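Written out below as structure tokens is the structure these notes cover.
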Amino acid sequence: MTKISQTGYSIQEALSELIDNSIDARREGHKPVVKVDISEDSVVIADNGIGMSEEQTSNSIRLGFSNKKGQLGEFGLGMKTSTSFLGQAFTLITTQENSDEQYILQYDEDEWMKHGDWYKFPLVVERGVESSKSGTIILVSRLKVDFSQKMLESIQEEFGLRFGPFIQNGELDLIFNGKPCEANKPNILDDERHEFEFKIDKVHAHGWWGYQLSGLNKSYYGFHTFRRGRLVTVFDKIGLTPNQDIKQIVGELHIDGIPITHDKKGFIKESDEYKALENEMRQYFKPYERKPKRILSGYAASAGRVRGTVKVIRTLSQHTDIQKSLENVKRGDIVVTEMTRPQYLLAIRRAAGIITDLGGNLCHAAIVSREFNIPCVVGTQNATSILEDGKKVILDGNEGYIYED
Ligand SMILES: Nc1ncnc2c1ncn2[C@@H]1O[C@H](COP(=O)(O)OP(=O)(O)OP(=O)(O)O)[C@@H](O)[C@H]1O
Ligand SMILES: [Mg+2]
């Protein structure tokens, strides 16, 4: 017998399966509230959804049994695989609206292994429950996974990403260890979002993209893809060629009509639907695919890549009004100067990056940019003479190059 707990889940993915079920069970006219509480010895997921009938409760632990259509769930596996990934036992407590009955089912992996899939776990019925209340609680115990502080923080963040569209649209309150999860908002250049939409036969895809302000890792670009509001892949490169990495395209892509894999971690790439969408995306992004031309190089003083508008500040000339040039620097601009000075600090704070003519790894610009976590290239010799005010450039602080945008 293969163990159903042997799935390639991450903790976040396993928890998401249970949250998916709560979202699927939302009650008409009630905003779904899902509370996830993790302690040393248990994981509890509680919702205010429609609950389950007696029959649904006993069916719910059958492998491959699902009545769902067009919802987040469809395979009849998620609850079993995710709970048994998290712990050896779980208790399910559920109540339907306008019913004073509560159904309690206690699943135990050891029992199940002993008896096999046909084993029916006894279901306890309790009466006298307040009939206006409904919902389902899943309590996982005898945990198989450890939760470090770091893991707990990453769960909070990943929930914001995974369920972002639901949270953003006011369609879900997701509360993790007492703290509401906030939708993850990518930081994009000028907040400029380009919306797009494709309809090809049954496939409907829509979303937006923008240039992210900076990215420290080459592969952190592309789309977060969603299906019915639920995250499927992150930094998906569908329709993007490797050329794009310098430009740091990020965005959201909502896809309907392409089948997904059983672990819900990806779309089936061999499907005609996937290929059709990929093709459309490739056509759409072609105009943005020109390879940027390298125009300058220097020392990579602070990592990250940004695209922005040049603002030249001439430090060494007596004829220009430095104060005015400093005020001219807007959020997301790239400061170009012979060398930075302490009085530049406020302008640098708004800037997305710094390029200097002079200096090395320990010059003022290098230190300040690392402090502010913005990319910086120093010692280019002639940035102030080559780059004019208003020019669009890509500053690559990882390699020490400046590209024409
Ligand atoms: N929180 C919940 N509220 C109401 N019903 C639930 C809840 N969780 C599970 N169920 C019921 O239990 C069944 C089994 O859940 P499970 O996650 O294993 O399968 P699924 O959601 O149908 O499919 P998938 O494997 O794609 O998740 C669901 O179809 C649903 O009827
Ligand atoms: Mg499910």
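The values are calculated or read from the model by the stated rules, or taken from the named source; none is laboratory data. All values derive from a computational prediction rather than experimental measurement. Note that each Cβ is placed from the backbone with ideal geometry, even for glycine, and that neighbours are counted across all protein chains shown.
Tell me whether the stretch 291-302 contains one or more residues that are over 16 Å from Thr380 (Cβ atoms), at pLDDT below 95 and out of contact with any Gly (no Cβ under 6 Å at 6 or more places or on another chain). Please lay out each step first, then the result.
Within the stretch 291-302, the subset over 16 Å from Thr380 (Cβ atoms) is 291-292.
Subsequent filtering for residues that are at pLDDT below 95 retains 291-292.
When the remaining residues are screened for being out of contact with any Gly (no Cβ under 6 Å at 6 or more places or on another chain), the result is 291-292.
Looking through the stretch 291-302, at least one residue is over 16 Å from Thr380 (Cβ atoms), at pLDDT below 95 and out of contact with any Gly (no Cβ under 6 Å at 6 or more places or on another chain).
What pairs come up if the first residue lies in the stretch 120-135 and is within 14 Å of ligand 1 (Cβ to nearest atom), the second is at pLDDT below 95 and aromatic (Phe, Trp, Tyr), and their beta carbons are under 7 Å apart, counting only those six or more places apart or on different chains?
Matching pairs, first to second residue: Phe121/Tyr107.
Kindly establish whether Ser131 is of a type in the set (S, T, N, Q) and loosely packed, with under 14 Cβ neighbours inside 10 Å. Steps first, answer last, please.
Details: of a type in the set (S, T, N, Q): yes; loosely packed, with under 14 Cβ neighbours inside 10 Å: yes.
Yes; evaluated as a whole, the condition is true for this residue.
Results for (1) near ligand 1 (Cβ under 6 Å from one of its atoms); (2) modelled with pLDDT under 85; (3) of a type in the set (S, T, N, Q), shown as yes or no for each residue.
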position	(1), (2), (3)
Ile38	no, no, no
Val44	no, no, no
Asn48	no, no, yes
Gln56	yes, no, yes
Ile61	no, no, no
Gly64	no, yes, no
Lys80	yes, no, no
Ser84	no, no, yes
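Looking for whichever is more than 25 Å from Tyr220 (Cα to Cα), assigned by TED's automatic domain parsing to the domain that holds Thr315, modelled with pLDDT of 95 or more and not hydroxyl-bearing (Ser, Thr, Tyr) here; the options are Ile386, Ile354, Ile334. Which one fits?
Exactly one of Ile386, Ile354, Ile334 is more than 25 Å from Tyr220 (Cα to Cα), assigned by TED's automatic domain parsing to the domain that holds Thr315, modelled with pLDDT of 95 or more and not hydroxyl-bearing (Ser, Thr, Tyr), namely Ile386.
So, Gly87, is that one of a type outside the set (A, V, I, L, M, F, W, C), touching a helix residue (DSSP H, G or I) at 6+ places or on another chain (Cβ under 9 Å) and under 17 Å from Val140 (Cα atoms) or not?
yes
Can you name the residue in the stretch 262-277 that is surrounded by fewer than 17 Cβ atoms within 10 Å (Cβ to Cβ) and at pLDDT 90 or above and is also nearest to the chain's Cα centre (by Cα) among such residues?
Ranking the qualifying residues of the stretch 262-277, first place goes to Gly266.
Just wondering, is there one or more residues in the stretch 45-62 that are within 24 Å of the chain's Cα centre (by Cα), within 11 Å of ligand 2 (Cβ to nearest atom) and in contact (Cβ under 8 Å) with a residue 60 or more places away in the chain?
No, the stretch 45-62 contains no residue that is within 24 Å of the chain's Cα centre (by Cα), within 11 Å of ligand 2 (Cβ to nearest atom) and in contact (Cβ under 8 Å) with a residue 60 or more places away in the chain.
If I filter the stretch 167-214 down to residues being at pLDDT below 80 and part of a helix (DSSP H, G or I), which single residue comes out as surrounded by the most Cβ atoms within 10 Å (Cβ to Cβ)?
Leu189
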